1. If you scan the range A:91-118, which residues turn out to be touching a helix residue (DSSP H, G or I) at 6+ places or on another chain (Cβ under 7 Å) and over 20 Å from residue A:70 (Cβ atoms)?
2. What is the one condition in (1) of a type in the set (Val, Ile, Thr); (2) modelled with pLDDT under 95; (3) open to solvent by 40 Å² or more (accessible area, probe 1.4 Å) that residue A:72 does not satisfy?
3. Test each condition in (1) out of contact with any Leu (no Cβ under 8 Å at 6 or more places or on another chain); (2) crowded, with 19+ Cβ neighbours inside 10 Å; (3) of a type in the set (A, V, I, L, M, F, W, C) for residue B:101 and report the one that comes out false.
4. List pairs: first residue in the range B:41-66 and within 14 Å of chain A (Cβ to nearest Cβ) and under 19 Å from residue B:28 (Cβ atoms), second residue assigned to a helix (DSSP H, G or I) and more than 11 Å from DNA strand D (Cβ to nearest atom) anywhere in the structure, Cβ distance under 7 angstrom, at least six positions apart or on different chains.
5. Which condition from (1) within 12 Å of the chain's Cα centre (by Cα); (2) within 11 Å of DNA strand D (Cβ to nearest atom); (3) over 19 Å from residue B:74 (Cα atoms) is the one that residue A:34 breaks?
6. Test residue B:47 against the criterion of being touching a helix residue (DSSP H, G or I) at 6+ places or on another chain (Cβ under 9 Å) and not hydrophobic (A, V, I, L, M, F, W, C), and give yes or no.
7. Just checking, how many residues over the range A:51-68 are more than 16 Å from DNA strand C (Cβ to nearest atom) and open to solvent by 40 Å² or more (accessible area, probe 1.4 Å)?
2 protein chains.
Amino acid sequence: MSDLLERLRGRGWRMTAQRRVVAEVLDGDHVHLTADEVHARAVERLPEISRATVYNTLGELVSLGEVLEVSTDRRAKRYDPNAHRPHHHLVCAGCGAIRDVHPIGNPLADLPAAERFGFTVSDVEVTYRGLCPECAAAA
Amino acid sequence: MSDLLERLRGRGWRMTAQRRVVAEVLDGDHVHLTADEVHARAVERLPEISRATVYNTLGELVSLGEVLEVSTDRRAKRYDPNAHRPHHHLVCAGCGAIRDVHPIGNPLADLPAAERFGFTVSDVEVTYRGLCPECAAAA
DNA sequence: GCTTGACTTAGACAAAGTCCATTGTAGGAT
DNA sequence: ATCCTACAATGGACTTTGTCTAAGTCAAGC
């Protein structure tokens, strides 16, 4: 995590208390917080931080490639700090829990030229859906 | 399309002018309209139709499995009438154009048990991203 | 320890979607 | 053909998520 802060400083990022708190909140594995959740946790450490700053900072982290934007449902975007290891997502239809997953193979190679409509295809995003053990037991 | 209306009537759907217009607007291939676009086109045929009715009707069509909800960007949901042939989507990062595509293989089989975290995985959604010919030429 | 331009703030604003009380009507019953 | 009634439509208020702006604040270089 301090790696991240160092890297950002090296790129000319001005280090402020607000930015540090947002970066710290996003630390960890299988972390997929919404902007408002990030804000709520940031407020615990820095009560006067504003929503706009959280949105701005998240946007910057995404632009810098340090955080990924994920939208698994049609609600709020989620922010995934695991940006340096490519992965996809597995989402529980019941409770919304999200896990990072690593399928085998390369889905990009599975799209035949005839199905590309002349597009330059550069990226693919895979979302698996199902029920987590808890929600499956409750159903 | 009249197939669709027949099928819905058979399931006890009360047929109204509003529902008919919404279903008609959604007819075709590679159709991926937002709720507001559906509303705009419905208004051309039935000026007094309300936004709430369009939302309600789209929601019902989705519940009945006749239409798919697609969220390729973080903007509005899009509605895809091509619900009976499984497919994925190819989206232009420039202009937002969407095409239905059919990759080879079955991505569901590509998720090892060890990567399922005990989930019952039932569905997978694949979104390819790139540039359409027009946007690639403009870039 | 100044200065300055980048950063933060609060609140207004916007887009997408939901909710609800009221009004209207499709389709079966008579 | 007309009547009834449960289901559907309406419009407007409300919510959620996110963006924008003008004014104030502060990190970092000198």
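1. A:104, A:105, A:118
2. Only one criterion in (1) of a type in the set (Val, Ile, Thr); (2) modelled with pLDDT under 95; (3) open to solvent by 40 Å² or more (accessible area, probe 1.4 Å) is unmet by residue A:72, namely (3).
3. Unmet for residue B:101, out of (1) out of contact with any Leu (no Cβ under 8 Å at 6 or more places or on another chain); (2) crowded, with 19+ Cβ neighbours inside 10 Å; (3) of a type in the set (A, V, I, L, M, F, W, C): (1).
4. That search, which allows pairs on different chains as well, returns B:58/B:35; B:58/B:38.
5. Just one mismatch for residue A:34, condition (3).
6. No, not satisfied.
7. Qualifying residue count, the range A:51-68: 1.
A quick yes/no check of all residues on (1) over 14 Å from residue A:112 (Cα atoms); (2) open to solvent by less than 20 Å² (accessible area, probe 1.4 Å); (3) more than 9 Å from chain A (Cβ to nearest Cβ):
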site: B:93; (1), (2), (3): yes, no, no
site: B:96; (1), (2), (3): yes, no, yes
site: B:107; (1), (2), (3): yes, no, no
site: B:110; (1), (2), (3): yes, no, no
site: B:123; (1), (2), (3): yes, no, no
site: B:126; (1), (2), (3): yes, yes, no
site: B:131; (1), (2), (3): yes, no, no
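The values are calculated or read from the model by the stated rules, or taken from the named source; none is laboratory data. Quick caveat: nothing in here was measured; it's all calculated off a predicted structure. As a convention, Cβ positions derive from the backbone with ideal geometry for all residues, glycine included, and neighbour counts pool all protein chains shown. The area values use the complete protein model at the heavy-atom level, side chains included, leaving out ligands, DNA and RNA. Shrake-Rupley method; radii C 1.70, N 1.55, O 1.52, S 1.80 Å.
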